[in-house]
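Engineer: Can you keep this structure in mind? I'll have questions shortly.
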Amino acid sequence: MNFKGKVSILSEIQSIATFEMERHPYPRHIVQWVLNHQSVKSVYQVIVKHESERAFGYEALSRPQFKQKNLKPDFWFRSAWEHSLSLQADIAAIRSSFENFHLFNFVPLFINVMPSSFVDRKFVPVYERLLYEFNVPPDKVVLEIVEFSSCNSNRLNESAAQIRALGSRIALDDVGTGQSNLSCLVDLKPDLIKIDRSLVQGIATSTEKQRLLSLFVEYMNHADAVIAEGIETVEDLQAVIQSGVKLSQGFHWGYPAPIEKIIDGRW
């Protein structure tokens, strides 16, 4: 690469830092470059079943890169949504996560999907095609609905019925963070819910959080349907267990890691 080309790349990388600091969306051409070059990699974080302290499943977390520059994942996905590219972004994430599925001994794989993608009529056919392409059993995939925009309950339920007909399950992510999220909980009737870390961290010293978590377990009518996110301390873990939750995820169990470290590690 000549000097002019190196200067151009450096300038783009500096502009990325500016967008992140000022909370502006990444420009469309940066989002599109990542998609065109399939520059979305996956790392994985374990979800643990308390009783056995073994892996219940893994959440696939996307790591987009722009010309070897790591982008902030949440910011990149939000930018994709603002540029009407959420479907393409989510499909890229699913494709990346499926590439390593055969190494997980067939425990469930949790994958984030934006509501705008989930309700897109192109989503289910493409998702079904990817299941076939990577030979992934549908019943070993849990699609997590993450919230960037308000829920359209009719379209969500229509898409959820199609996904369940394939054999996959639906989870609602970050439960407890807002009114519209709770509306989705009522309307969508997810198979699993993931309790936001803001309601989990510090739960050992908060009777209010303990009581609220117990209510979520009671609402779901099955302890295996509730996953506590953000577990970082033994004290919070014990409080979560005492609240009736049987599954959790967080740095206490392990950091998100590439597939190579997952298969060589404890789980």
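Every residue, every condition in (1) at pLDDT 90 or above; (2) under 15 Å from the mean Cα position of the chain (by Cα); (3) closer than 20 Å to Ile170 by Cα, yes or no:
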position: Glu12; (1), (2), (3): no, no, no
position: Ile16; (1), (2), (3): no, no, no
position: His29; (1), (2), (3): yes, no, no
position: Val43; (1), (2), (3): yes, yes, no
position: Leu71; (1), (2), (3): yes, no, no
position: Ala80; (1), (2), (3): yes, no, no
position: Phe110; (1), (2), (3): yes, yes, yes
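Engineer: Oh, and also: Could you look through the stretch 155-203, keep only residues that are of a type in the set (Ser, Thr, Tyr) and touching a Cys at 6+ places or on another chain (Cβ under 9 Å), and pick out the one that is nearest to Met220 (Cα to Cα)?
Structural biologist: Looking at the filtered set, the residue picked out is Ser183.
Engineer: Considering the stretch 221-259 alone, what residues qualify as being surrounded by fewer than 20 Cβ atoms within 10 Å (Cβ to Cβ), outside any loop (DSSP other than H, G, I, E, B) and under 22 Å from the mean Cα position of the chain (by Cα)?
Structural biologist: Across the stretch 221-259, the qualifying residues are Ala223, Asp224, Ala225, Ala257, Ile259.
Engineer: Can you name the condition, by its number, that Ser96 falls short on among (1) hydroxyl-bearing (Ser, Thr, Tyr); (2) modelled with pLDDT of 95 or more; (3) more than 20 Å from the chain's Cα centre (by Cα)?
Structural biologist: With respect to (1) hydroxyl-bearing (Ser, Thr, Tyr); (2) modelled with pLDDT of 95 or more; (3) more than 20 Å from the chain's Cα centre (by Cα), Ser96 is out only on (3).
Engineer: Scan the stretch 147-166 and tell me whether some residue there is touching a helix residue (DSSP H, G or I) at 6+ places or on another chain (Cβ under 8 Å), aromatic (Phe, Trp, Tyr) and under 17 Å from Leu188 (Cα atoms).
Structural biologist: Within the stretch 147-166, one or more residues are touching a helix residue (DSSP H, G or I) at 6+ places or on another chain (Cβ under 8 Å), aromatic (Phe, Trp, Tyr) and under 17 Å from Leu188 (Cα atoms).
Engineer: Residue by residue through the stretch 27-47, note down the ones that are out of contact with any Phe, Trp or Tyr (no Cβ under 8 Å at 6 or more places or on another chain) and not in a helix (DSSP H, G or I).
Structural biologist: If the condition is that a residue be out of contact with any Phe, Trp or Tyr (no Cβ under 8 Å at 6 or more places or on another chain) and not in a helix (DSSP H, G or I), then His37, Gln38, Val40, Lys41, Ser42, Val43 are the ones that fit.
Engineer: Could you run through the stretch 181-212 and say how many residues are in a loop (DSSP other than H, G, I, E, B), closer than 17 Å to Ile231 by Cα and touching a strand residue (DSSP E or B) at 6+ places or on another chain (Cβ under 7 Å)?
Structural biologist: Residues flagged as in a loop (DSSP other than H, G, I, E, B), closer than 17 Å to Ile231 by Cα and touching a strand residue (DSSP E or B) at 6+ places or on another chain (Cβ under 7 Å) within the stretch 181-212 amount to 2.
The values are calculated or read from the model by the stated rules, or taken from the named source; none is laboratory data. Values in this document were obtained by computation on a predicted structure and should not be read as measured data. Every residue, glycine among them, receives a Cβ derived from its backbone with ideal geometry; neighbour counts consider all protein chains shown.
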